[in-house]
Amino acid sequence: MIRLRIPGSALLLAALAAAPAGAQSLLSAYSLGYPLEPVDARGRALGGIAAGFQGPHFSLVNPAALSGLPVAGVTLTLQSDAFTLDGSADRVTTARFPAIQAAFPFGSRLVASIGYAAVLDQSWEAVIEDSLDIAGQRRFVRDRFVSRGGLSRFRAGAAYILVPRLDVGVGLDLYTGALRDSVSRAFPDGGLFESATGTDYEYEGLGVSVGARYRGSAVTVAAAVTAAGDLTATATAAGDSAVESRSYALPLKLDAGATARISQNALVAASFRWSGWSAADEALSQSGGARDVMHASGGLEYEGLGLAGRPLPVRVGVRWTQLPFAAGEGDQFSEERAITGGFGLVLGGGAAAADLSAERGTRDGGDPLLSENFWRVSLSLSLLGR
């Protein structure tokens, strides 16, 4: 029999808190997982700025951001998290690629792009150790819950300079992903065979994004809207030919951002995001539901420093993020707060760039079992065909 994945029960919560064996944050285990944003290291160092930079900028949030790119280019972002539960000395690390993008200009006004963005992380692992009465004997048992996979999207986009200071863009999104959920029971004392079962999931969905950017002499403002249909999850249990499907509404997302140059060497940035995850609340009601969420961030970039004759912009920022999925059945939702910072380095006369960011933050769901402290480090590498 297939059981579609709707984690979040009290048993699972206790298992995760008792023995988080690895992978991602505990919040990856609830409902559809832990949301990820395809923001590069420069944006993350400024608090998570996703839109509003003045010049051509790789972005899988605002499809208009690449307008004005003079030559073909590619960017890759690598991200690593390290987190601990409140009151625990255990430290867990993970790594991912939240964004990969390539862009190709056609003439002076049009830029086409393709890219990959991580959307939801559903990787986690937990262990419960207990004892049971089996055939009149007390047996020590170890149950292991493992989930590996998540949801991603591929985007084909186009950015266009509509008039000298106004850029527009559009992106077509294909959502896809896979997940393997498994549960195993072992008897460390011996005498009984280990048992295991699992379910495989495949995801698919479609979406579209439109964006715009206005580039003033000192202030740049940008906005993007991302809409999608339903995400279809198809489940197949191990040893079972039956297939079951369930649909979850993907959220409408609104992103807005702005940067302002306050001196020759300094600029300030601010960003806001709203995501309508409550559209999936009914489908996720058995795991606590979902809510609409917001993200707000701001930062400062100073460009007056240098290293070996090269500019070395330094960045600091802060952010506040609501998470959309309830943990357990108690209607407990989590929030993130973080202080961010980082720097960038331009190489080869602008042919290459490296940006590094670090974040120190907390996740708090109103319950000690849902509270985490984390470090997040992101590295973005960009190459231009000069």
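The values are calculated or read from the model by the stated rules, or taken from the named source; none is laboratory data. Model, not experiment: these values are computed from the prediction. Here the Cβ is made from the backbone with ideal geometry for all residues, glycine too, and neighbour counts use every protein chain on show. Calculation scope for accessible area: heavy atoms of the full protein, side chains included, ligands and nucleic acids excluded. Shrake-Rupley method; radii C 1.70, N 1.55, O 1.52, S 1.80 Å.
Here is a check on your reading of the model: is residue 264 under 27 Å from residue 345 (Cβ atoms) and not hydroxyl-bearing (Ser, Thr, Tyr)?
yes
Where residues in segment 231-260 are at pLDDT 95 or above and of a type in the set (D, E, K, R), which of them is surrounded by the most Cβ atoms within 10 Å (Cβ to Cβ)?
255
Kindly indicate whether residue 104 is touching a residue at least 12 places away in the same chain (Cβ under 8 Å), closer than 30 Å to residue 163 by Cα, crowded, with 16+ Cβ neighbours inside 10 Å and not acidic (Asp, Glu).
Criteria met by residue 104.
Identify the single condition in (1) outside any strand (DSSP E or B); (2) surrounded by 19 or more Cβ atoms within 10 Å (Cβ to Cβ); (3) among the aliphatic types (A, V, I, L, M) that residue 118 does not satisfy, given that it satisfies every other one.
Of the numbered conditions (1) outside any strand (DSSP E or B); (2) surrounded by 19 or more Cβ atoms within 10 Å (Cβ to Cβ); (3) among the aliphatic types (A, V, I, L, M), the odd one out for residue 118 is (1).
Mind listing whichever residues of segment 129-145 are open to solvent by 30 Å² or more (accessible area, probe 1.4 Å) and either touching a residue at least 40 places away in the same chain (Cβ under 8 Å) or out of contact with any strand residue (DSSP E or B) (no Cβ under 8 Å at 6 or more places or on another chain) (or both)?
Across segment 129-145, the qualifying residues are 129, 134, 135, 136, 137, 139, 140, 142, 144, 145.
Residues checked against (1) over 21 Å from residue 52 (Cβ atoms); (2) without any contact (Cβ under 8 Å) to a residue 24 or more places away in the chain; (3) surrounded by 15 or more Cβ atoms within 10 Å (Cβ to Cβ); (4) touching a Cys at 6+ places or on another chain (Cβ under 6 Å):
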site	(1), (2), (3), (4)
300	no, no, yes, no
306	yes, yes, no, no
309	yes, yes, no, no
313	no, no, yes, no
326	yes, no, yes, no
331	yes, no, no, no
334	yes, no, yes, no
337	yes, no, no, no
344	no, no, yes, no
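Would you say residue 163 is without any contact (Cβ under 8 Å) to a residue 12 or more places away in the chain, open to solvent by 60 Å² or more (accessible area, probe 1.4 Å) and among the β-branched types (Val, Ile, Thr)?
yes
Within segment 117-168, work out how many residues are small (Gly, Ala, Ser) and under 21 Å from residue 250 (Cα atoms).
8
Has segment 251-259 got any residue that is among the hydroxyl-bearing types (Ser, Thr, Tyr) and more than 22 Å from residue 320 (Cα to Cα)?
No, there is no match, as no residue in segment 251-259 is among the hydroxyl-bearing types (Ser, Thr, Tyr) and more than 22 Å from residue 320 (Cα to Cα).
Is it fair to say residue 340 is within 23 Å of residue 361 (Cα to Cα) and of a type in the set (Ser, Thr, Tyr)?
Taking the combined requirement at face value, the residue satisfies it.
Given the condition closer than 30 Å to residue 353 by Cβ and either modelled with pLDDT of 95 or more or touching a helix residue (DSSP H, G or I) at 6+ places or on another chain (Cβ under 8 Å) (or both), answer yes or no: does some residue in segment 302-311 qualify?
Yes - at least one qualifying residue is present in segment 302-311.
Which residues, counting only those in segment 52-62, are in contact (Cβ under 8 Å) with a residue 60 or more places away in the chain and over 19 Å from residue 164 (Cβ atoms)?
58, 60, 61
Out of everything in segment 175-201 that is in contact with a Leu (Cβ under 8 Å, 6 or more places away or on another chain) and free of Cβ contacts under 8 Å to residues at least 60 places away in the same chain, what residue ends up being most open to solvent (accessible area, probe 1.4 Å)?
My answer is 200.
Looking only at segment 282-298, which residues are more than 20 Å from the chain's Cα centre (by Cα) and open to solvent by 50 Å² or more (accessible area, probe 1.4 Å)?
Across segment 282-298, the qualifying residues are 282, 285, 286.
Let's see how each residue does on (1) part of a loop (DSSP other than H, G, I, E, B); (2) closer than 21 Å to residue 321 by Cα; (3) in contact with a strand residue (DSSP E or B) (Cβ under 6 Å, 6 or more places away or on another chain); (4) at pLDDT 50 or above:
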{"site": "1", "(1), (2), (3), (4)": "yes, no, no, no"}
{"site": "16", "(1), (2), (3), (4)": "no, no, yes, no"}
{"site": "43", "(1), (2), (3), (4)": "no, yes, no, yes"}
{"site": "50", "(1), (2), (3), (4)": "yes, yes, yes, yes"}
{"site": "55", "(1), (2), (3), (4)": "yes, no, no, yes"}
